[in-house]
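The structure appears right after this line, and notes come after that.
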Number of protein chains: 2
Amino acid sequence: MSAHSQITTPNLHVEAANGVTYRYRRFGTPNKSNLPLVLLVHYRANLDNWDPHFVDALAAEREVVLVDNAGVSGSTGSTPNSVQEMARDVLAFVDALRLRRYDLLGFSLGGFIAQEIALYRPWQVRRLVLAGTGPQGGVDMHLFIPKVLDIALADDPTPEALLTLFFEQSATSRAAGVEFIERLGLRTAERDEYADLTTRDAQLTAISTWGIPDETRLKRLAGIRIPTLVANGDNDIMVPTRNSYLLAEHIPNAALSIYPDSGHGFLFQYPVEFATEVNTFLGS
Amino acid sequence: MSAHSQITTPNLHVEAANGVTYRYRRFGTPNKSNLPLVLLVHYRANLDNWDPHFVDALAAEREVVLVDNAGVSGSTGSTPNSVQEMARDVLAFVDALRLRRYDLLGFSLGGFIAQEIALYRPWQVRRLVLAGTGPQGGVDMHLFIPKVLDIALADDPTPEALLTLFFEQSATSRAAGVEFIERLGLRTAERDEYADLTTRDAQLTAISTWGIPDETRLKRLAGIRIPTLVANGDNDIMVPTRNSYLLAEHIPNAALSIYPDSGHGFLFQYPVEFATEVNTFLGS
């Protein structure tokens, strides 16, 4: 296994103009014909929450950049209470890396942030991937359903919690979930810290604020003019799948891909298939 | 160019138990690990309305079977007024060919028929592709919008009518549409007859009857248990794209793929991309 792997690549650090020292990983295969792909992760997640199978399949064709946003896990600073501030924190990070142009993939909360970045700097993001996410003011995004909320708020989330939140109840989906959770343990050196409870509360505030029902917010999506790939599982109980439809309807140049027998964690249930779809979409 | 092409393959005929002599084409690459793919075409269409680029890309990996349904173009018999009767006519054809098990791709009206066949013979259809189509009782499927209806009803439809009905108004989509229309002329020998006005009126009656708003009909889709790929353009003005969402939501094991900058004719705007997606879905 070379350094071109999520399992072995070292943690890196960079101090940005906002005073935050960001922990990140950057690896893969740089290539003149493509751009680095910045990945923004989900609620309560750190660098180790990216499935090695998924990101390594991306890294086979491009550089990938994983990051702990301000206040999260191995980065300094504090986690803000709004998606908009989180987006500005990511911009401070990409500026610190001197990334002038890049592709962007956001999953869940990371997808909320990715939309804001695409709107703030339309000249900078080349292509956008929105996975398991939804638009500001979308449908049933304001408050998790009770069984999701209980798990999402727990002080000590278990790996098994991801099975319920990210996978379908079918045997096939749950079996894929068990394999995913095993893969999350493959990295043994330099593991990232868990996000703390302050981060949890700030992120959940940001998520609920983003989800206040307000269909007038959908019109902002017309401002995302770059090619966009929207994807989700067909039964996402965290960010309901209908929100992916809304994204694809309102973003002018969007493709939509819904995976069967899967939920919020479809990208980790179909890691090779979805990485192939993303690689094809981004080009090489 | 071998006989493995929509441009050169001969027209074939078979008489079925219902007394109808069906005109069809059967070509491609038979393969022990897959099954023939039966394709059901759109309103007023004949065998020559299948884009050679699209079906040849399918035929590179499997046998494809194109057919004029009863009463249409080069087949004898009369065109029935209901999707249900049309489905029974297709079953008479597959029985005449002694196809015991096959994959099925339906486009538009062909997709309505394909759903019925999958429900009538759940043991026979292995995998299902529903392109640019919608469920019985779906949304805005009862009556075409006026600009579509004018063109769809015209006694002498022009090739250019397809540009309006099948493609987006963008320069890229229209340019792809012009190329598609040119490809429809590539076959010179043994071209099929145009569908007549009796077929037009019967098919339009079947389409409108299928489209009577009735959300209770959506529950039938739970009976389609086979793996299904639902696909459309993001702005279909003939069978509005929301109906693809409904299909994917209600068919238990469905993947959904929406193509950007495209309409009803997305499969002919992206002939190689969509054929690749279908080939991947069907396996080889």
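The values are calculated or read from the model by the stated rules, or taken from the named source; none is laboratory data. Please read these numbers as outputs of a predicted model, since none were measured by experiment. A quick note on method: Cβ atoms are made from the backbone with ideal geometry, for glycine too, and the neighbour counts reach across all protein chains shown. Heads up: the accessible areas ignore ligands, DNA and RNA and are worked out on the full protein's heavy atoms, side chains in. Shrake-Rupley method; radii C 1.70, N 1.55, O 1.52, S 1.80 Å.
For trypsin sites (Lys or Arg not before Pro), the sites in segment A:1-64 that DSSP calls loop and that have at most 10 other Cβ atoms within 10 Å are A:K32. Relative contact order for segment B:12-283: 24 percent, from Cα pairs under 8 Å spaced at least 6 residues apart, divided by residue count. Each principal axis of the Cα cloud of segment A:139-284 was taken in turn, and the coordinate range along them, longest first, works out to 42, 36, 33 Å.
Projection of the Cα convex hull of segment A:44-94, averaged over all directions and equal to a quarter of that hull's surface, yields 4.0 nm².
In this label model, A:E193 and A:V272 are separated by 3.8 nm, measuring between points 7 Å along each Cα→Cβ vector.
Each other copy places its own label point for A:R101 at 5.1 nm from this one, sorted shortest first, where the point lies 7 Å along the Cα-to-beta carbon line. Of B:L35, B:L91, the order by accessible heavy-atom surface (1.4 Å probe, DNA, RNA and ligands excluded), from most exposed downward, is B:L35, B:L91.
Compared with the direct C-alpha span, the chain from B:E15 to B:L119 gains 35.0 nm at full extension, assuming 0.36 nm per residue. Entry note: the protein assembly as shown has Rg to Rh equal to 1.01, where both radii use alpha-carbon atoms and Rh is the Kirkwood radius.
Annotation note: trypsin sites (Lys or Arg not before Pro) in segment A:210-284 located in DSSP loop regions with a Cβ neighbour count of at most 15 within 10 Å are A:R225. The accessible area of B:T172, taken with all protein chains in place and a 1.4 Å probe, comes to roughly 90 Å². Here B:K219 is the anchor, and the lysines within straight C-alpha reach of less than 30 Å, apart from those fewer than 8 places off in the same chain, are A:K147. The 3J(HN,Hα) values that the Karplus relation (6.51, -1.76, 1.60; θ = phi - 60°) gives for segment B:76-83 are, in residue order, 7, x, 10, 7, x, 8, 9, 4 Hz. Gly and Pro appear as x. Buried between B and A is an accessible area of approximately 1100 Å², summed over both sides with a 1.4 Å probe. Spin-label model, A:A171/B:R98: points 7 Å from Cα along the beta carbon direction are separated by 3.6 nm.
A Cα-only calculation for segment A:176-222 places Rg and Dmax at 17.4, 47 Å. With N the number of residues in segment A:7-61, Rg(Cα) / (2.2 N^0.38 Å) evaluates to 1.24. Given their separation in residues at 0.36 nm each and the Cα-Cα distance between them, B:E160 and B:E182 gain 6.9 nm when the chain is fully extended. For segment B:12-283, the Stokes-Einstein estimate of translational diffusion at 25 °C and a viscosity of 0.890 mPa s comes to 134 µm²/s, using the Kirkwood hydrodynamic radius over alpha-carbon pairs.
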